[in-house]
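Accompanying notes for the structure given below.
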Amino acid sequence: MADSWRNQVFCEDALQGLTRLPDGSIDLLLADPPYGLGKDYGNDSDKLDATAYLDWMTQWVDLALPKLKPNGSLYIFLTWRYSPEVFVILKQRMSMMNEIIWDRRVPSMGGSVRKYSSVHDTIGFFVKARDYYFDLDAIRIPYDAATKKARSRKIFEGAKWLELGFNPKDVWSVSRLHREHAEREPHPTQKPLEIIERMIKASCPPGGVVLDPFMGSGTTAVAAKRCGRDFVGFELNPDYCAMIQKRLAEQPEQALAACV
């Protein structure tokens, strides 16, 4: 297969496609699998009962993890319903660095009267080894002028953290994509570029390769291209595969500046 798999989205089941990728070839595994909520992705992939769902999660994890380089990382999107079980599966195979909470900025508009409204997704950040790749400077959040001015005393002069910004916390407040968002596509669980680009910049070196076993709307592929990384992924739904190719074709060839 040589390197012909790079920058390709294969319209097939990841369980079959992953077997063709060379082991130790991937820098970052970014997974957004079905959540087990019964959503319609044009197939029955999200309609498994709990036991079958967790068996399936274990199956693809065991196929995907050998593809990571020794210093590679994994981010996985989950819902609170299954994150405890999936985290245990992954902890038996990798080291967990963070549980990240994505606050989707859902407005207060009623909701259940028998429980609290769910307004977040859970993201697990796992690594293979202690020397995992992580570029904090690429994702620092700049301080505003008022904060810099308040830290103008001599002891703060030349402080790298003050000039470059602070480390993102483990709660990410990023709006979900509404219909009016420019990047919105007809996909029920599309993730914002802002989130995916942060993961890629932090955990995949320039020129590295990002693997997404469940491409969906193709945000990982688009983000990788924008950030100067290669990608490879799989998607079952032919309509989504066409959507991904359209989104990629709309990206300029030299798109690195969009991710800076």
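The values are calculated or read from the model by the stated rules, or taken from the named source; none is laboratory data. Keep in mind that what you see is a predicted model, and the values were worked out from it rather than measured. Glycine gets a Cβ as well: all are built from the backbone with ideal geometry, and neighbour counts include every protein chain shown.
Would you check if residue 122 is of a type in the set (Ser, Thr, Tyr), part of a helix (DSSP H, G or I) and surrounded by 10 or more Cβ atoms within 10 Å (Cβ to Cβ)?
No; evaluated as a whole, the condition is false for this residue.
For the range 60-82: of the residues being of a type outside the set (Gly, Ala, Ser) and in a helix (DSSP H, G or I), which is nearest to residue 18 (Cα to Cα)?
Start the filter on the range 60-82 by keeping residues that are of a type outside the set (Gly, Ala, Ser), which leaves 60-63, 65-71, 74-82.
Adding the requirement that they be in a helix (DSSP H, G or I) leaves 60-63, 65-67.
Values: 60: 8, 61: 10, 62: 10, 63: 6, 65: 10, 66: 10, 67: 8 Å.
Checking each candidate, the answer is 63.
Yes/no per residue for (1) under 21 Å from residue 75 (Cα atoms); (2) touching a Gly at 6+ places or on another chain (Cβ under 9 Å); (3) buried (at least 24 other Cβ atoms within 10 Å of the Cβ):
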{"site": "180", "(1), (2), (3)": "no, no, no"}
{"site": "184", "(1), (2), (3)": "no, no, no"}
{"site": "192", "(1), (2), (3)": "yes, no, no"}
{"site": "206", "(1), (2), (3)": "yes, yes, no"}
{"site": "230", "(1), (2), (3)": "yes, yes, no"}
{"site": "240", "(1), (2), (3)": "no, yes, no"}
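So the check is Cβ under 7 Å with 6+ separation or different chains; which pairs have a first residue in the range 69-90 that's of a type in the set (S, T, N, Q) and a second one that's part of a strand (DSSP E or B) and at pLDDT below 95?
Listed pairs, sorted by first residue: none to list.
Of the numbered conditions (1) surrounded by 14 or more Cβ atoms within 10 Å (Cβ to Cβ); (2) under 28 Å from residue 247 (Cβ atoms), residue 97 fails exactly one; give the number of that condition.
All conditions are met except number (2).
Residue 172: at pLDDT 90 or above, hydrophobic (A, V, I, L, M, F, W, C) and at negative phi, yes or no?
Yes.
Residue-wise test of (1) in a loop (DSSP other than H, G, I, E, B); (2) modelled with pLDDT under 95.
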site: 184; (1), (2): yes, yes
site: 187; (1), (2): yes, yes
site: 190; (1), (2): yes, yes
site: 197; (1), (2): no, no
site: 201; (1), (2): no, no
site: 205; (1), (2): yes, no
site: 214; (1), (2): yes, no
site: 220; (1), (2): no, no
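Go through the range 3-59 and give me each residue that's of a type in the set (Ser, Thr, Tyr) and free of Cβ contacts under 8 Å to residues at least 40 places away in the same chain.
Of everything in the range 3-59, those that are of a type in the set (Ser, Thr, Tyr) and free of Cβ contacts under 8 Å to residues at least 40 places away in the same chain turn out to be 4, 51, 53, 58.
Scan the range 190-224 residue by residue and report those that are among the β-branched types (Val, Ile, Thr) and without any contact (Cβ under 8 Å) to a residue 60 or more places away in the chain.
219, 222, listed by residue number.
Taking the range 83-97 as the region of interest, how many residues are of a type in the set (Val, Ile, Thr) and farther than 21 Å from residue 18 by Cα?
1
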